[in-house]
Structure formats: structure tokens, C-alpha cells
1. Looking at the square roots a ≥ b ≥ c of the eigenvalues of the Cα gyration tensor of the range 1-62, which shape do they give, rounded for a/c under 1.5, prolate if a/b is larger than b/c, or oblate?
2. If I ignore ligands, DNA and RNA and count only protein heavy atoms, how much of LYS94 is accessible to a 1.4 Å probe, in Å² to the nearest 10?
3. Counting alpha carbon pairs within less than 8 Å and at least 6 residues apart, what relative contact order, in whole percent, applies to the range 1-133?
4. For the chain, take the longest principal axis of its alpha carbons; what is the angle in degrees between that and the long axis of helix 41-63, to the nearest 10 within 0 to 90?
5. Given the DSSP H assignment, sum -39500 (n - 2.57) over each helix run of at least 4 residues in the chain and divide by its residue total; what's the result at 222 nm in deg cm²/dmol, nearest 500?
6. Protein chains only, probe 1.4 Å: how do VAL57, VAL75, VAL85 rank by accessible area, largest first?
7. Ordered by residue, what ³J(HN,Hα) values in Hz, to whole numbers, does the range 112-125 give under the Karplus form 6.51 cos²θ - 1.76 cosθ + 1.60, where θ = phi - 60° and Gly and Pro are x?
8. Normalised by the residues of the range 13-82, what does the relative contact order come to in percent, with Cα pairs under 8 Å and at least six apart?
Amino acid sequence: MNIKLNRIESPYGLEAWNESGNSIRIDASPEIGGKNSGPRPMELLIMGLAGCSSIDVLMILAKYRIEVKDYSVEVDAEREKVEEVNLFKNIHMKFKIQGDFNEDQVKRAIDLSLEKYCSVAKTLEKTAKITYELELVP
């Protein structure tokens, strides 16, 4: 994996690119001089968790031959100051999935993602407790 990052606007306006040429803008909060022109790095980490687990869950449900009609995830994350850094302590994910399926299959897919497959979750679990709830929409 190779990421490139350039400052595009003073003081903290940044843009990062991956090897495929996809980019995302990053900025700091106004409290420290940023302009809110992009997500902050820790927000990107939580977005990564939502994206990583979602890809896993959707892939697993597809293997179960389950058609997902609508899908969303909301993540609430709480940080705690440890020495000089603010680490994530509690992360709660709310999965909202619409389709015709068995609730146990969906829970199994989420459990497999968060406990086994999602690299972001495995990284974050070293400092944070990750929990979830599931809302099924018929």
C-alpha cells in the first residue's frame, strides 16, 4: 500500500491519494486552526471501520445468497486521553439492513467481520471496545 499526501491549503488543508488515484481531503478542526474542509484523521479511521466491516458483511450476505435492498451503518465513537494521545475507548456501530433474511445470518455476518475479517476492527480492538446493534427493516 502506498499513500501520497500533499498540503494543498495552509495551514492544515491536506489531500491524500492512493495508488489507484483516488483522493480524499483532510483538515484539522477550527479549534486548532483548521478550516473544516475535510474529515479529520481520527474520523477517517472510524469511516474506515464502517467501510471495512460493511464490505465484509455485504460479501458474507452475498455468499448466503441474501439480497440486501438497503444498507447503512452509523458509528458513535468515544475517545479517552491516554498520556499524550486521545485513543478510542468505546465504539458502537448501528447496522440498519433491509431485505428478506434470517436475523441470525445477519448477526453471524457482522460477528465474523468484527471478530475475524475486518483489519480495521482488529486494529482498533487493542484500545477500544467495539459493540453493535442491528435494525432489520422488512
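The values are calculated or read from the model by the stated rules, or taken from the named source; none is laboratory data. Just so we're clear, the structure is a prediction, and the values are computed from it rather than from any experiment. The protein model used for the area step is the full one, side chains on, heavy atoms only, and it has no ligands, DNA or RNA in it. Shrake-Rupley method; radii C 1.70, N 1.55, O 1.52, S 1.80 Å.
1. Oblate, because a/c is 1.5 or more while a/b does not exceed b/c.
2. 70
3. Relative contact order for the range 1-133 comes out at 18 percent.
4. Rounded to the nearest ten degrees, it is 20.
5. -9000 deg cm²/dmol
6. So, going from the largest accessible area down, we get VAL85, VAL75, VAL57.
7. 4, 4, 6, 9, 10, 9, 6, 4, 5, 4, 5, 6, 6, 5
8. Numbers: 57 pairs, mean separation 12.8, N = 70.
Result for the range 13-82 is 18 percent.
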